[in-house]
Amino acid sequence: MKVYIVGTGADGKITLTKEAEKAIENAGLLIGAERMLKPFSRSGKELYVTYRPQDIANKLDSCKYDAAAVLMSGDCGFFSGAKKLLPLISSHDVRIISGISSVSYFCSRLGLSYEDMKFVTLHGKKSNIAVNVMLNERCFFLLGGEVTAAEVCRKLCLFGLSDVNVYIGTDLGYKSETVMTGKAGGFLDAETGGLSVMITENSSALRCIPSGIDDERFIRRSVPMTKSEVRCIAVSKLGICRDSVVWDIGCGTGSVSVEAAYRCPDGRVFSFDKNPEAVELTEENARIHGCDNIIVKEGNCPGALADADAPDKVFIGGSSGDMSGIFEAVFAKNPSADIVVTAVSLETLQDSVSCFERYGTAPEILQIAAARTKKLGTHTMLQAQNPVFIICGRLS
C-alpha cells in the first residue's frame, strides 16, 4: 500500500504544500491526532484518530485502501513522530512529504535567520535550558506538556540569564496566533497555550567551551577545589560527549562539574558529596555559570550513587577511603565507563591503580606539579602548587 507521511505545516490546512494536498486527496484513509484531522472532517474519507506509532502501524497493516496518509504537524523531519513510525511500516511503499516547520514559520514572522540556532525540544520530556542558552547565541525551544514559556523564563532567571531576549509564539498559523517579545525576566507569569515555541537571543553567549576556568570565578569558602591546571587535564582526559552522563564524585565546589556540564549540554552531570556545604556550593556555582544540567546529591559514596543514571564518564576527586566500593558501583552501572581519578597521596594512587586493574586495565598515570607566578616587591617569583597524580582508564 502507498503510505504518505505528510507534514501539514503550522496550522494543518492553510500552510499545506501543493504536494501535501495532492497526497491527502489521493488517500482513502487519513490518520493523525484530532487536531490534524479536524480540517478534513467533511472530506468523506475514513479518519482514524491516533498519534501513537504502533496504533498507526496496526491500522495501516489492516487497511484495504490503495493509499493512506498519516498527518504530522509541522515538518516530518523536525522533532516529528515520523522518526518512530518509519521502522514500523517498512513493509509499505512509504513517501515522506515535508511541510513547513514551526521554526521556519516563526522565524519568517520575526525576520530571523535560523541556520545558526540550537534546536531543543521540551515537548513531553525534560531537556537542558540554561546551559544551551549559555553556549548558543540563539536557541529555538519547542515547548509542550508541562514546560511553558513562563517556566523556561523562570529557569533562565534562576541561572542568571534574565536579560536574555526572548520571542514567544503561540498557536502559530491559527486565528488565535500571538507573538510576544522582550526580556526573559518580563515573562515569568506569561500565559501561553499548549502550542507554543520560543526563541532565545543571548548576545553574551560563550564563544568557546571554557577550559581551565580561573579558580577565582568559583565561590569556594573552606571547601576543597580541584585547581584549574589539574581540572583542565582531568576533564579533557574524560573525553565528554555532548550527550554524556557524567558523575563527579567528591564534587567539592563543583568546579569540575561546571566544566563537564559545558561539554554535555544534551546530557547530565550528577555531582556527589557528603559535605552539606560542598553540596550548597556546587549548586550555587552551577547557577552562577548557567549550568542547569548539574544535579547535586548529598551523601556518602558509593551509597549515594545507587539512584543516579548510569554514567558514561566518571571523575573521582574524593573517595573518603572507599575507592573500591565506588569502582564497584560504577562497574555495576556501566562496565565500560571512562574514569579519571585525582590523587595527592601515594595511598590513593595505589588504591586507584589496584581498582583499575581489578575492573579494567592498567591505567595511564600522569603527575603534574604546576607553579604560578607571584609578585614580591620588584621581583616575580614562582609559587608551587601541590603535586597531583591523574589516573585515567576505562573499565572493561
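Values quoted throughout were computed directly from the atomic coordinates according to the rules given, and no laboratory measurement underlies them. Everything numeric here is computed off the predicted structure, so don't read it as measured data. Cβ coordinates were reconstructed from backbone atoms using ideal geometry, including for glycine residues, and neighbour counts include every protein chain displayed.
If I take R0 = 41 Å and measure r between the Cβ atoms of S91 and L188 in this structure, what FRET efficiency does the formula 1/(1 + (r/R0)^6) give, to the nearest 0.05? According to the calculation, E is roughly 0.25. Between helix 228-238 and the chain there is an angle of about 50 degrees, using the helix long axis and the longest principal axis of the Cα atoms. Counted over segment 118-266, the DSSP beta bridges are approximately 80% antiparallel.
When a/c reaches 1.5 or more, the comparison of a/b and b/c decides; with that in mind, is segment 2-100 rounded, prolate or oblate per its Cα gyration tensor?
Since a/c stays below 1.5, the shape of segment 2-100 is classed as rounded.
Distance between the pseudo-spin-label points of D307 and L376 (7 Å out from Cα toward the beta carbon): 5.2 nm. Bridging of K38 to lysines at a Cα separation below 29 Å is possible for K2, K13, K18, K22, K59, K64, K83, K84, K125, K175, once same-chain residues fewer than 8 apart are set aside.
Given the Cα-Cα distance of D215 and K274 and 0.36 nm per residue of separation, how much length would full extension add, in nm? Kindly include the intermediate steps, with their values, before the conclusion.
Values: separation 59, 0.36 × 59 = 21.24 nm, distance 2.20 nm.
So the chain would gain 19.0 nm between D215 and K274.
Dividing the summed helix terms, -39500 (n - 2.57) for each DSSP H run of n ≥ 4, by the number of residues in the chain produces a 222 nm estimate of -8000 deg cm²/dmol to the nearest 500. Residue separation of K59 and A150 scaled by 0.36 nm, minus their Cα-Cα distance, works out to 28.9 nm of gained length. Computed packing ranks the peptides 256-268, 380-392 as 256-268, 380-392, most packed first, by mean other Cβ atoms within 10 Å. If you take the square roots of the eigenvalues of the alpha-carbon gyration tensor of segment 215-394 and sort them as a ≥ b ≥ c, do you get rounded (a/c under 1.5), prolate (a/b over b/c) or oblate? The shape class here is oblate. Remark: the Cα gyration tensor places segment 105-144 in the oblate category, a/c being 1.5 or greater and a/b not exceeding b/c.
Charge tally around S211: other residues with Cβ under 14 Å, Lys/Arg +1 each, Asp/Glu -1 each, net +2.
Annotation: Cα Rg of the chain relative to the compact-globule expectation 2.2 N^0.38 Å equals 1.22. Taking Cβ atoms as reference points and 11 Å as the exclusive limit, the residues near L195 contribute a net charge of -2, counting Lys and Arg as +1 and Asp and Glu as -1.
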